[in-house]
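Down below is the structure, laid out as structure tokens.
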Amino acid sequence: MSSPAESALGWWGVLLAILAGTMRGGTPFLFVSLGECLTEKSGKINLGLEGTLLMGAMSAYAISYLTGSPWLGVLVAGISGLALGAIHGWLSQQPRVNDVAVGIAMIIFGSGLAFFFGKPFIKPTAPQLPTIDLAGWSQNPAVEAALKISPLFILGALLAPFLHWFFSSTRWGLYIRAVGDSPAAARAMGISPFKVRMLSVMAGSFLAGIGGASLSLYYPGVWTERISSGQGLMAVALVIFARWNPLQCLLASLLFGGAQALGPALQSVGIKEGYYLFNAAPYILTLVIMILTCSPQRTLTGAPGALGQEDA
Amino acid sequence: MALRKTLESICIPIAAILFGLLLFGLFCSFVGANPFAVYASIWKAAFGSWNTFQNTLIRAAPLMLSSLCTLLPARLGLVIIGNEGALVMGGLAAVSMGLALGTAVPSFWVQSFMALAGMGAGGIWIAIVGALRHYRAVNETISSLLLNYIAIAILNHLVGGPMRDPNSLNKPSTAPLAEINMLGDIPGTRVHWGLVYGLIACVIAYFLIQRTTFGFSTRAAGGNMRAARLAGLPVGKLTLTICFLAGSCAGLAGMVEIAAVQGAANESLNVGYGYGGILVAFAARQNPLAAILVSLLVGGILASGGILQRSHGLPDATVLVFEGIIFLVVLYSDSLYGRLPFFKEKPDRLPPAPQPAIPTSVTAQGS
Amino acid sequence: MSQEKLFHLSRRQIVRGLLAATAFGVTTKFGTGCTASTSGQADAGANAGSGDGEQMTVGFIYVGPKDDYGYNQAHAEGAAGLTKALTWVKLVEEASVPETTAVTESMRSMIDIDGAKVLFPTSFGYFDPHILKMAQEYPDVQFFHCGGLYKEGTHPKNVGSYFGYIDEAQYIAGIVAGSTSKTGKLGFVAAKPIPQVLRNINSFTLGAKSVNPDVTTQVIFTGDWSLPLKEAEAANSMADQDVDVLTCHVDSPKVVMETAEKRGIFCSGYHANQSALAPKGYLTGAEWDWANIYTKLLTDIKSGKTLMSGDIPHLLRGGLKDGFCKVSDYGPAVSSDTKKAAEAAKAKFMDGSMVIYTGEIKDNKGNVVIPAGTSLKQQDPKLEEMNYLVEGVIGSIGS
């Protein structure tokens, strides 16, 4: 058995792998969670983002392959998300229609469409998004690879503070928060909860579609039917973990992405037991944090008051 | 019940399914398949003859039990989606019990204890969700979702390591149950006993909810939790009991999957019956008897998945599109109750209040 | 429940009686010679609505999508190759069928509705209990299962197992990898620590060590057959550890191959030829050749041979020599010396003189697993139960 210390980068390699994996694996989480955050701020839950993510991944890959332009693929992924979001936004606001149920139906519908139309695109190799190389100074190929950063990640990282500012300092942000906290009060202010929620859900799905594009055009950079290992559903938990704060969504996405990278990285230096339980670590952590921070006396700070309640 | 209202509750779902079929037909013709031939095949594969209808029944059986896991808490106003997790934990507990008892006791007792173990484990799994909700105000939808992933990780871990039968070479599984302890098929059919369990559970759930004081308290509390608390209803006890019952139904589904189908626990325990059950519960408008019918519908859709591939050259994902369309339309149809003028008893009356009594709140009147 | 059991038992007896009756019918049918099977096919063809009486319906069932660039695709291509080679084969296929009652129902529909007389349910997990159950119910239908699980005496006569010793191709890929690697570190992304996978890892490593005794193979288990993100992470983290040849045993090797190419290191394929995914770094690969096997089997069946009569062996296995698998064409980075060494090993496989598991072999904890003087041939059942990683592999098989 060779000890980790003998390896090329050893534990430094693990740190590097986690750092790199955090950015690579965190990117789809980032977009989906920001999208879900936007959706939930308006008082609706969209579990269907799993389907949106798959649809986004498929359409981005397909368009990139057909036109040769990955950026066009990203745009189309967003638009396909927008379309699915429109269905969810409209349907989940009908009286007595539960948004959780619609979300699960949308997972089936969205993934069905993505798989159906994605068949011809599994084999071909589509042009990938370019990466920005920050490691010109280093001769080490591992460092170079780790510091190849996707513009999508940068875009997402910028989007988080923007959304934070948007929610706290703009009129539209206020509308969304008002609708999310109390549709009745919002209506009294002359805001249409239906329209605001519709737009929020659609915009959120647009972002989730882009998250899908980051899966198929950046990392891992393929289109297969198993490309999303539940990131879309996880986003719902992630947003709660982040307390509906876009900046914390960024941190939480990095944490979840890093946790994904940690398993293989640790195995590569010799720690191998219990990888199934390890893979479940993000879920356990989220649950523990929810248990610790919730209490019947007060609702979660930042929780939209009308979240998940039927009162459209 | 007034005639028009009964008519409404029959016509709307049927119209929704027909409309869903129409949309799916359009989808089929869009992708180059003859929709009428597709309809004929679906009918033939799902309901056409007793032989093919059994295919539908086999697929419907686990959905009935699984749907109750969402349906019962929904009557209390809780949206729980932990069916998959409870099913997996139930299956694991059942297989552990079955292996522990082995052939030392008569198979009737082994099966009974397996069922109890499955129900207990599934029940506790969802009761955790209920307890977190009641004592810590943790959102039940999210916690149950997280518990699904945790349950699946536990299953994979146990089956791949501590509980792995060394003889299960290339598909890690627990040791198999003794042949004699397996639940068989209903005589004269190829449908296993899980169907009967599902039917019985749905009927019991119906009476429990509609005909008992416990059910009445549940429905009352489901209408308005705060008011129920003020009125002195034991909300905590209700929550925990309902959650336990809900989880035990899904746990029983896991036990049936182990004892009637797989014979051992392995990754095949987690194939999506849980998520199917959630949709069944909502599409059935939280009515246990309707859940039976909706399960049959979904069973039929799944049963037709094969023939779409074999006879029409459609890819495997077609059945997902089909299922998705039908569910979206059926869920939408729920909003039509009381909105269609034809079904109103008297034109000038307010629309009938829907079952959970919240929607006629301030906002609804304001619009 | 006691009542249920009672009913059940009595029903089972009835079924047994029926089975015996059918079996008798079948044997008498086969007693008359090969004409019987053609008449069977004739009504199968008629059931399927085909005018051609000579057509034979053959069903294929896959656990995942047919185009996953891996396991299922290898079988689906085998099925497609079969219909191309034998025009009288009518193919019915179902993909994404889970290992539950769904697969028994799929088999039943293929038999009852489409009139299939030969079925290939390809996923490993279909065998027990699903195929066994159906085989009892339909004793005149032949079930061929990919996996080598058939046990004489315990399993129905109309079930057959086939599997390829693809680790022979992995051994050759190991030779190529071991002599091409500059760092002496190879990487293996694996799904689960099950015997089939361990055997590939070990053969690959033994092949590499045969040309370079100091070589090590790092293995990372992802935990499941298809987890693209984890596979990419595993590939990347091994590249970070100076591994310079990657191979894998997961359902779809696409991610591992593309990641290796992106990282500028070599890769070795699995399941199918992936050279198009890594034009620079693709060394070689271990590929299935199911079309060959399926065509042989169906030709035999057409000529009247059956599993039930014993004309077709119940356990059908082989390696490079028997055409179950093949080695991909060598990539541009493979030197001519390396090619020579690989071809020499291949020649030994072809003439049957090569035995991979020849003692003394130690596992990576230092225990002797195959003592000196013992050599386990490919058919040896001990190899089917492999539960160790050989010396030179870095990794452990705990879950």
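Read the figures in this text as sums done on the coordinates, not as results from a lab. Since the structure is predicted, the reported quantities are computational estimates derived from the model, not experimental observations. Here Cβ is always computed from backbone atoms with ideal geometry, including for glycine, and neighbour counts include all displayed protein chains.
Counting every C-alpha pair in the stretch B:31-73, the share spaced more than 15 angstrom apart comes to 59%. For chain B, the mean projected area of the C-alpha convex hull, equal to one quarter of the hull surface, is 21.4 nm². Close amide H partners of C:Lys90, meaning residues 5 or more places away or on another chain with modelled amide H under 5 Å apart, are C:Met56, C:Thr57, C:Val58. Classify the stretch B:45-152 from the C-alpha gyration tensor, please: rounded if a/c falls under 1.5, else prolate or oblate depending on whether a/b exceeds b/c. Cα axes put the stretch B:45-152 in the oblate bin.
Put a plus charge on the Cβ of each Lys and Arg, a minus charge on the Cβ of each Asp and Glu, and nothing anywhere else: the dipole of the protein assembly as shown about its Cα centre is then about 2540 debye. Mean partner shielding of peptide B:161-170, defined as the number of other chain Cβ atoms within 10 Å of each residue Cβ, is 4. Reported value for the stretch B:61-279: 121 Å³ per residue, from the convex hull of its C-alpha atoms. Along the stretch C:134-139 the Karplus relation, 6.51 cos²θ - 1.76 cosθ + 1.60 evaluated at θ = phi - 60°, assigns HN-Hα couplings of 5, 5, 5, 6, 10, x Hz to successive residues, with x for each Gly and Pro. Which whole-angstrom value gives the distance between the alpha carbon centres of the stretch A:58-79 and the stretch C:300-328? Using only Cα atoms to place each centre, the spacing works out to 45 Å. The relative contact order of the stretch B:99-240 comes to 22 percent, based on Cα pairs under 8 Å that sit 6 or more residues apart. Summarising the amide proton neighbourhood of C:Gly319: residues at separation of 5 or more, or on other chains, whose placed amide H is nearer than 5 Å comprise C:Tyr165, C:Phe324. The stretch A:187-235 and the stretch C:165-180 have Cα centres spaced 44 Å apart.
Ordering C:Gln379, C:Ala278, A:Ser192 by the projection of their Cα atoms onto the charge dipole of the protein assembly as shown, which places +1 on the Cβ of Lys and Arg and -1 on the Cβ of Asp and Glu, puts A:Ser192 at the extreme positive end. If you sort the three axes of the alpha carbon gyration tensor as a ≥ b ≥ c, you get a/c of 1.5 or more for the protein assembly as shown and a/b no higher than b/c, which makes it oblate. Here the stretch A:23-52 and the stretch B:41-62 have alpha carbon centers that stand 38 Å from each other.
Rounded to the nearest 20, the size of the Cβ-charge dipole of chain A about its Cα centre is 540 debye, with Lys and Arg at +1 and Asp and Glu at -1.
Computed from backbone phi, the HN-Hα couplings of the stretch B:267-283 come to 4, 5, 5, 10, 10, x, 4, x, 5, x, x, 4, 5, 4, 4, 6, 5 Hz, rounded to whole numbers (Karplus: 6.51 cos²θ - 1.76 cosθ + 1.60, θ = phi - 60°; Gly and Pro given as x). Comparing mean-square fluctuations of B:Pro172, B:Pro187, B:Pro35 from a GNM of chain B with C-alpha springs under 10 Å, the top value falls on B:Pro187. Protection proxy ranking of C:274-280, C:190-196, B:208-214, by the mean of other Cβ atoms within 10 Å over each peptide's residues and highest first, is C:190-196, C:274-280, B:208-214.
The residue among C:Thr100, C:Gly304, B:Ala131 whose Cα reaches farthest toward the positive pole of the charge dipole of the protein assembly as shown, with charges on the beta-carbon of Lys, Arg, Asp and Glu, is B:Ala131. Each Cα pair under 8 Å and six or more residues apart adds its sequence gap; the mean of these over the residue count of chain B is a relative contact order of 33 percent. With neighbours defined as other Cβ atoms within 10 Å of a residue's Cβ, the residues A:His88, C:His145 order from fewest to most as C:His145, A:His88.
Of A:Leu262, A:Leu30, A:Leu47, the residue with the greatest mean-square motion in the GNM of chain A, using alpha carbon springs below 10 Å, is A:Leu262.
Helices of chain C meeting both criteria, an alpha-carbon length of 30 angstrom or more along the long axis and an average Kyte-Doolittle score not below -1.0, with helices taken as full DSSP H segments, are C:2-31.
When restricted to Cα atoms, the stretch C:238-362 yields an Rg and a Dmax of 18.1, 57 Å, respectively.
Note on the stretch B:61-279: with charges restricted to the Cβ of Lys and Arg (+1) and Asp and Glu (-1), its dipole about the Cα centre is near 840 debye. Binning all Cα-Cα separations of the stretch A:4-293 at 5 Å, short to long from zero, yields these whole-percent fractions: 1, 6, 12, 16, 17, 17, 13, 9, 5, 3, 1, 1, 0, 0. Note on C:Val368 and C:Asp311: the model spin-label points, each 7 Å out from Cα along the C-beta direction, lie 4.9 nm apart.
For the stretch A:4-293, the relative contact order is 38 percent, taking Cα pairs closer than 8 Å that sit 6 or more residues apart in sequence and dividing their mean separation by the residue count.
Taking amide H as placed 1.01 Å from N in the peptide plane, the amide H of C:Leu186 sits under 5 Å from that of C:Thr216, C:Thr217, C:Gln218, each at least 5 places away or on another chain. Rounded, prolate or oblate: which fits the stretch B:209-320 when a ≥ b ≥ c are the square roots of the eigenvalues of the alpha-carbon gyration tensor, with rounded for a/c under 1.5 and prolate only if a/b beats b/c? Cα axes put the stretch B:209-320 in the prolate bin. Considered as an equivalent ellipsoid built on the Cα gyration tensor, the stretch C:212-301 has semi-axes of 28, 15, 13 Å, the largest given first. Across the stretch B:135-141, rounded Karplus estimates of 3J(HN,Hα) from the backbone phi angles (6.51 cos²θ - 1.76 cosθ + 1.60, θ = phi - 60°) give 8, 10, 6, 7, 4, 6, 5 Hz, Gly and Pro being marked x.
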